[in-house]
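Scroll down for the structure; my scribbles are underneath it.
The values are calculated or read from the model by the stated rules, or taken from the named source; none is laboratory data. In this text, all values refer to a predicted model and were calculated from it rather than measured experimentally. For neighbour counting, all protein chains shown are included, and Cβ atoms are generated from backbone atoms with ideal geometry for every residue, glycine included.
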Amino acid sequence: MNNNFKTLIRRATALAAVCVLAFGLTACGAKGQKITIEVTGPDGATSSFTGKTDAEFLFDAIEDIDGVTIDGYESDWGYYVTTVNGVEANYDTDGAYWSLYVNGNYGENGVSTQPITEGDVYGFVYEVYQAAE
């Protein structure tokens with residue numbers, strides 16, 4: 001290695017150390033809040049995915065959690081989730097939909113307006129509408 005490269009490496013290492021000492025890991029690029037996303041599919045099996053995020057809302061946090069993908073579309077009421085981890089729920093054909101739970105309780109917000117809180121568990125559950133008889 002030439003001396004210029006060694007000097008560059010030393011300076012980058014020193015800058016990273018100063019950043020961590022002065023501002024903490026979050027300000028230096030490490031993610032902050034630890035959350036878990038659980039996905040319960042049509043067969044009732046649940047998969048759990050944990051990661052860290054700096055996102056304010058769940059929709060954006062999903063990008064930071066390995067193993068979780070969603071698809072859908074923007075509606076008048078927010079983002080409507082149609083597919084989670086490749087599994088589509090089609091309400092028009094079979095009454096199926098993806099519901100959102102927060103810490104085991106039915107969500108009061110949509111995925112695009114659900115605030116992120118450290119340690120919370122967010123669940124996507126495949127459900128089928130059952131009309132009352």
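Here the condition is being small (G, A, S), at pLDDT 90 or above, closer than 21 Å to G110 by Cβ and touching a Ser or Thr at 6+ places or on another chain (Cβ under 9 Å); of A89, A55, it holds for A89 alone. For the stretch 99-117, check the following and say yes or no: at least one residue is in a loop (DSSP other than H, G, I, E, B), among the hydrophobic types (A, V, I, L, M, F, W, C) and under 27 Å from K52 (Cβ atoms). Yes, the stretch 99-117 contains a residue that is in a loop (DSSP other than H, G, I, E, B), among the hydrophobic types (A, V, I, L, M, F, W, C) and under 27 Å from K52 (Cβ atoms). The set of residues in the stretch 57-77 being surrounded by fewer than 18 Cβ atoms within 10 Å (Cβ to Cβ), under 22 Å from T36 (Cβ atoms) and among the small types (G, A, S) consists of G67 alone. Conditions: (1) modelled with pLDDT under 95; (2) surrounded by 11 or more Cβ atoms within 10 Å (Cβ to Cβ). G29 meets all but one. Number of the miss? All conditions pass for G29, except number (2).
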